[in-house]
Each structure stands twice: as C-alpha cells, then as structure tokens.
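Undergrad: Take a look at the following structure, please.
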Amino acid sequence: LAILGIDIGGTKSTVGVADRSGRLLSHKTIPTPNVLGPKANLSTILSVACDVREESGASIDAIGIGCGGPLDRKAGTLHKVSNLPGWEGLCLTAIFTEEFGVPAYLDNDATAAALGEAMFGAGRGIDCFIYFTISTGIGGGIIIDGKPYRGCGENAGEFGHAKIIPDGPPCNCGDRGCLESLASGTSIARIAREGLEAGAKSILDEWVCSYKDVTAELVARAAAQGDAFAREVWSSAMYHLGIGVANAVNVLNPRLVILGGGVTKAGDMLFAPVRDVVSRRAMRALAADVEIVPAANGDLTGLVGAIAVAIKSFLDDGNA
Ligand SMILES: [Zn+2]
C-alpha cells in the first residue's frame, strides 16, 4: 500500500508518498502563496506530486488531502476557507482522482494532523487527546476513543475561535477576541507591529526594514534575547494560548494536549508558559490528568495527517 499525501496551505504546501506504516518514501514542500490563486497553485501541486511519486518508486493506491476548513469532507469540496481565497466550491478529490486514477480523500487539516498523531505520532495508544495547530491561524482536532470527533456538521474542534477576550481584536472568522486573533503567528506579528507603529522601543526596529516584515519567529527571538517589548508581546500571547488550552482541557478532560504548527518551533518559550497557565487555570483534577507535548511529526504533521486520512479511509472502504 502506497499513499500520496497533500497538505495544502495558504503559504506553502507539502506533498509526499508514504507506505502503510506512515513511513515517508519521498516528500517535498513548495511555496503556494494564496495570491497566486487556486489554478496556478493546484497545477504546481499536481506536478510536484508526480515528481514525488516518481522519486518514491511506488505505485499509488490512494490519496489523502488536508486543508483548512470549513469543507465538505464527503463531497470532497471546500467552502469559503479564509486562507485559500478563490478555492470555494472546488472539488479537490475529483481533481486528484482524475490525475492519478485512484480514490482521494479530503479532511480538515487539523483533524487530519490529529489523526496522524494518533496513528503515527505522540498520540499513539492514547484514547483521548486534543491537537492544536498554532501557525498562520489556530486550528484544532479532537480524538475520542481513538477516533476523530467531528460534530454534527463535521466542524468540531475550532479551538482557535474560542472567545478569550469577548470584545478583543477582530478575527478572521468575523467575530472578535478569538484565540486566533491573540495567539496565532499572524496575530503575534500584528500585535508587535501595532506596538512598534505606536512608538514602542525594541530591537525588532533594527532587525526589519519595514514593520510589515515582523514575524512571530522574530518576536520570539527578540524575547529570548531579553527585549522588553518583545517579551511583553510574546508572554501575553502565550498567556492567551494557555487560557485557550485550559478551556479545552476543562471541556474535554483529555489525557494529552499535542501542540503543533510553526509557532511551536519556539520550543520551551511556548511550552513552559502554556503548561504553567494550564496548571493554574484549568480545574485541578483535569489539569492533573493532562500532559502537554509537541507534535511528534514536526514540520510534517500536516502531511502525515493527510496520509493517515487516506490510509484510514481506504481501509474503512473495504480495501486490504
Ligand atoms: Zn474567530
């Protein structure tokens, strides 16, 4: 059994081929900036998928696709996805099945990542855990009794849109004060930029030509060097992230919270404050049950997730 996995994002996408144990035979990450639109990006992804398949030497049995929601998993189509403008209504499964002649399966990228961690990562053997991806946005996945919990409309797990500050900053979803508007990579960069524009003193001023170039990664780096402004921006974002995790812990009583996505590359600068907030702000018995760990699949969590979706769906469909 060989699986082609595709993790589609608004900045970059990753394509790879794996065997049934989730072991990657070949993979590649390519820029797919959403300004180029779906046509150009899909054609890049399809051609890289052909290269990756050739490099793996495998013949593909099924395809798994992960991308931001909301989407219609069964129909294989996207709704209006905020980081993929113009993709609304596209049937991704049909596009890939037509190209490769094998079944394709679509799932929300965060649910896919959670399933990937359940099958091949930090969630192996854990019945009840939740997954947060903290990158451009904040997404979530829930595994209960070893299976993804999807909700009645299949959009459960939107931890990024938990209300943290009821009248806080505007969020991509149209509401205000969501976790995503306070602690995603994009939001950390925005909060820093707004502070700098308002005249805050920071080493960040010397590191970038334009405040538009400030990123969450630079804020973390400046904070690590002791820059007072960056520390304040970073620790406030980590406080909000911890509150978001504590809320989810109180609702779901998971054994494990797995944190993945680009912002988690900050390592202990992220995990230490989040663990601290959860230990103090989640209810005591629930806080005692939970461990907070990084995603085992690192940068490839989304890709491994897309592959896990295809393996599980392909086998569930009665294939050997
Ligand atoms: Zn929101």
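The values are calculated or read from the model by the stated rules, or taken from the named source; none is laboratory data. Just so it is clear, the model here is predicted, and its values are computed rather than measured. Note that we place each Cβ from the backbone using ideal geometry, even for glycine, and neighbour counts take in every protein chain shown.
Undergrad: For the structure I just gave you, tell me whether residue 51 is modelled with pLDDT under 95 and acidic (Asp, Glu).
TA: Here the answer is no, as residue 51 does not meet what is asked.
Undergrad: Another question about this same structure. Check residue 274 against each of (1) part of a helix (DSSP H, G or I); (2) closer than 30 Å to residue 74 by Cβ and name the one condition it does not meet.
TA: Failed condition: (2).
Undergrad: Within region 188-203, track down each residue that is more than 20 Å from the chain's Cα centre (by Cα) and within 16 Å of the ligand (Cβ to nearest atom).
TA: The one that is more than 20 Å from the chain's Cα centre (by Cα) and within 16 Å of the ligand (Cβ to nearest atom): 191.
Undergrad: Restricting to region 253-268, count the residues that are at pLDDT 95 or above and buried (at least 19 other Cβ atoms within 10 Å of the Cβ).
TA: We begin by selecting, within region 253-268, every residue at pLDDT 95 or above; these are 253-260, 263-268.
Retained after the next criterion (residues that are buried (at least 19 other Cβ atoms within 10 Å of the Cβ)): 254, 256-260, 263-264, 266.
Matching residues across region 253-268 total 9.
Undergrad: How many residues does region 116-154 contain that are among the β-branched types (Val, Ile, Thr), in contact with a strand residue (DSSP E or B) (Cβ under 7 Å, 6 or more places away or on another chain) and more than 18 Å from residue 310 (Cβ to Cβ)? Even if it seems obvious, please write down each step before you answer.
TA: Here is the first cut: in region 116-154, the residues among the β-branched types (Val, Ile, Thr) are 126, 130, 133-134, 136, 138, 142-144.
Adding the requirement that they be in contact with a strand residue (DSSP E or B) (Cβ under 7 Å, 6 or more places away or on another chain) leaves 126, 130, 133-134, 138, 142-143.
Add one more test, that the residue is more than 18 Å from residue 310 (Cβ to Cβ), and what stays is 126, 130, 133-134, 138, 142.
The total comes to 6.
Undergrad: Yes or no: region 97-113 includes at least one residue that is at negative phi, in contact with a Leu (Cβ under 6 Å, 6 or more places away or on another chain), assigned to a loop (DSSP other than H, G, I, E, B) and surrounded by fewer than 24 Cβ atoms within 10 Å (Cβ to Cβ).
TA: Checking region 97-113: not a single residue is at negative phi, in contact with a Leu (Cβ under 6 Å, 6 or more places away or on another chain), assigned to a loop (DSSP other than H, G, I, E, B) and surrounded by fewer than 24 Cβ atoms within 10 Å (Cβ to Cβ).
Undergrad: Hey, can you tell me all the residues within region 220-252 that are of a type in the set (Val, Ile, Thr), over 30 Å from residue 285 (Cβ atoms) and either surrounded by fewer than 15 Cβ atoms within 10 Å (Cβ to Cβ) or within 20 Å of the chain's Cα centre (by Cα) (or both)?
TA: none
Undergrad: Here's a follow-up. Restricting attention to region 28-46, does a residue exist that is surrounded by fewer than 13 Cβ atoms within 10 Å (Cβ to Cβ), farther than 25 Å from residue 118 by Cβ and in contact (Cβ under 8 Å) with a residue 24 or more places away in the chain?
TA: So far as region 28-46 goes, no, none of its residues is surrounded by fewer than 13 Cβ atoms within 10 Å (Cβ to Cβ), farther than 25 Å from residue 118 by Cβ and in contact (Cβ under 8 Å) with a residue 24 or more places away in the chain.
Undergrad: Would you point out the residue of region 169-183, among those that are modelled with pLDDT of 95 or more, among the small types (Gly, Ala, Ser) and near the ligand (Cβ under 10 Å from one of its atoms), that is nearest to residue 232 (Cα to Cα)?
TA: Of everything passing the filter in region 169-183, 181 is nearest to residue 232 (Cα to Cα).
Undergrad: Only one residue in 206, 154 is away from the ligand (no atom under 14 Å from the Cβ), buried (at least 16 other Cβ atoms within 10 Å of the Cβ) and among the acidic types (Asp, Glu). Which one?
TA: 154
Undergrad: Right, next: Starting from residues that are at positive phi and in contact (Cβ under 8 Å) with a residue 12 or more places away in the chain, keep the ones in region 135-187 and report whichever is farthest from the chain's Cα centre (by Cα).
TA: Result: 145.
Undergrad: If you don't mind, there's one more thing I want to ask. Out of 230, 296, report the one residue that is closer than 26 Å to residue 12 by Cβ, assigned to a loop (DSSP other than H, G, I, E, B) and of a type in the set (A, V, I, L, M, F, W, C).
TA: 296
Undergrad: If you go through region 115-136 one residue at a time, do you hit one that is within 16 Å of the ligand (Cβ to nearest atom), part of a loop (DSSP other than H, G, I, E, B), over 24 Å from residue 58 (Cβ atoms) and of a type outside the set (A, V, I, L, M)?
TA: Yes - at least one qualifying residue is present in region 115-136.
Undergrad: Going through region 137-151 one residue at a time, which ones are in contact with a helix residue (DSSP H, G or I) (Cβ under 6 Å, 6 or more places away or on another chain) and either within 16 Å of the ligand (Cβ to nearest atom) or charged (D, E, K, R) (or both)?
TA: Pass one, region 137-151, residues in contact with a helix residue (DSSP H, G or I) (Cβ under 6 Å, 6 or more places away or on another chain): 137-141, 143, 148.
Across region 137-151, the qualifying residues are 137, 138, 139, 140.
Undergrad: Sticking with this one: Does region 53-71 contain at least one residue that is hydrophobic (A, V, I, L, M, F, W, C) and free of Cβ contacts under 8 Å to residues at least 40 places away in the same chain?
TA: yes
Undergrad: Considering region 31-45 alone, what residues qualify as being hydrophobic (A, V, I, L, M, F, W, C) and within 16 Å of residue 83 (Cα to Cα)?
TA: 35, 36, 40, 42
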